Amino acid sequence: QKEVEQNSGPLSVPEGAIASLNCTYSDRGSQSFFWYRQYSGKSPELIMFIYSNGDKEDGRFTAQLNKASQYVSLLIRDSQPSDSATYLCAVTQGGSEKLVFGKGTKLTVNP
Amino acid sequence: AAGVIQSPRHLIKEKRETATLKCYPIPRHDTVYWYQQGPGQDPQFLISFYEKMQSDKGSIPDRFSAQQFSDYHSELNMSSLELGDSALYFCASSPRAGSFGEQYFGPGTRLTVT
C-alpha cells in the first residue's frame, strides 16, 4: 500500500463547478500536508498547505484536514479550464522534511 | 518573485556517461531538495541539504552524489548513467526557519539517456 493514496481519476467537471480532490495517508506521524498542481511536463506548483485539523481557504481553493481519519482534501470552487492539471497530494512524515507524494489526480475542467 | 533556478533545462547523455545538474535556490532559502520524476510517476525524493550538510536521504542510487555549496546552490552528480535514469529531475528549496516544510520547485532538468 502506498503511503499517500489519491484517486487517479481522471476527474472531469464542467466550468464553474466545484472540483473535489481527496487524499489519504498511512503514517499517523505525518505533520504537514500539501497540494501541488502540475501541468504536463512542468514542475509541481504549490497551491495550498495545511498542518492543523479543519479548513484553510485561499481564494477559490479550500484545503481540509482530518488527522483522525488521515484524510486531506482540496476543493476548487468556480473551476476554470486553466485548472485542468494533475493535482498531487504530498505529506511530510514525522522526523523528516522529505515530501511523500501520491500518484496524483488528473482534473479536466470542460468549458 | 525570484524562483528556483535549475540548469541545464535539457540534457542528453549516453549510457555510462556522467552528468551534473545544478540548482540555485530562492534567495534566503537554506534547504535544498532533489526529486526524480519518471514518466507518469510521482516525484521521488532523492536527497536534501540544510546549511551545506546532508539532512535526509531517500532512494538515491550510489552512482549519484550531491552537495550544497557555501552560496547554498546545490549540484547533483550522476555517474555511469543508465537508460532508467531518464527522467525529470527537480530541485526544490525551502526556508527552514518559520516554515512548515513548504517546498518550492524549480522548472526541472529533463535528462535523456540514450
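The values are calculated or read from the model by the stated rules, or taken from the named source; none is laboratory data. Since the structure is predicted, the reported quantities are computational estimates derived from the model, not experimental observations. Neighbour counts are summed over all protein chains in view; Cβ atoms, including those assigned to glycine, are modelled from backbone coordinates with ideal geometry.
Table for the structure above
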read-out	value
Of residues in the stretch B:1-29 being touching a Pro at 6+ places or on another chain (Cβ under 7 Å) and at pLDDT below 95, the one farthest from residue A:10 (Cα to Cα)	B:28
From the options A:52, A:82, A:43, residue that is more than 11 Å from every other protein chain (Cβ to nearest Cβ) and hydroxyl-bearing (Ser, Thr, Tyr)	A:82
Number of positions in the stretch B:48-105 that are among the hydroxyl-bearing types (Ser, Thr, Tyr), in a loop (DSSP other than H, G, I, E, B) and crowded, with 16+ Cβ neighbours inside 10 Å	2
Looking only at the stretch B:13-37, and only at residues there that are in a strand (DSSP E or B) and over 11 Å from the mean Cα position of the chain (by Cα), the one that is nearest to residue A:100 (Cα to Cα)	B:31
Those strands (runs of 3 or more DSSP E) lying entirely in the stretch A:18-111 with at least 3 residues in contact with a Gly (Cβ under 7 Å, 6 or more places away or on another chain) and crowded, with 19+ Cβ neighbours inside 10 Å	A:85-92
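Okay, residues lined up against (1) facing chain A (nearest Cβ under 9 Å); (2) touching a residue at least 60 places away in the same chain (Cβ under 8 Å); (3) hydroxyl-bearing (Ser, Thr, Tyr); (4) touching a helix residue (DSSP H, G or I) at 6+ places or on another chain (Cβ under 7 Å):
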| residue | (1), (2), (3), (4) |
| --- | --- |
| B:73 | no, no, no, no |
| B:82 | no, yes, no, no |
| B:89 | no, yes, yes, no |
| B:110 | yes, yes, no, no |
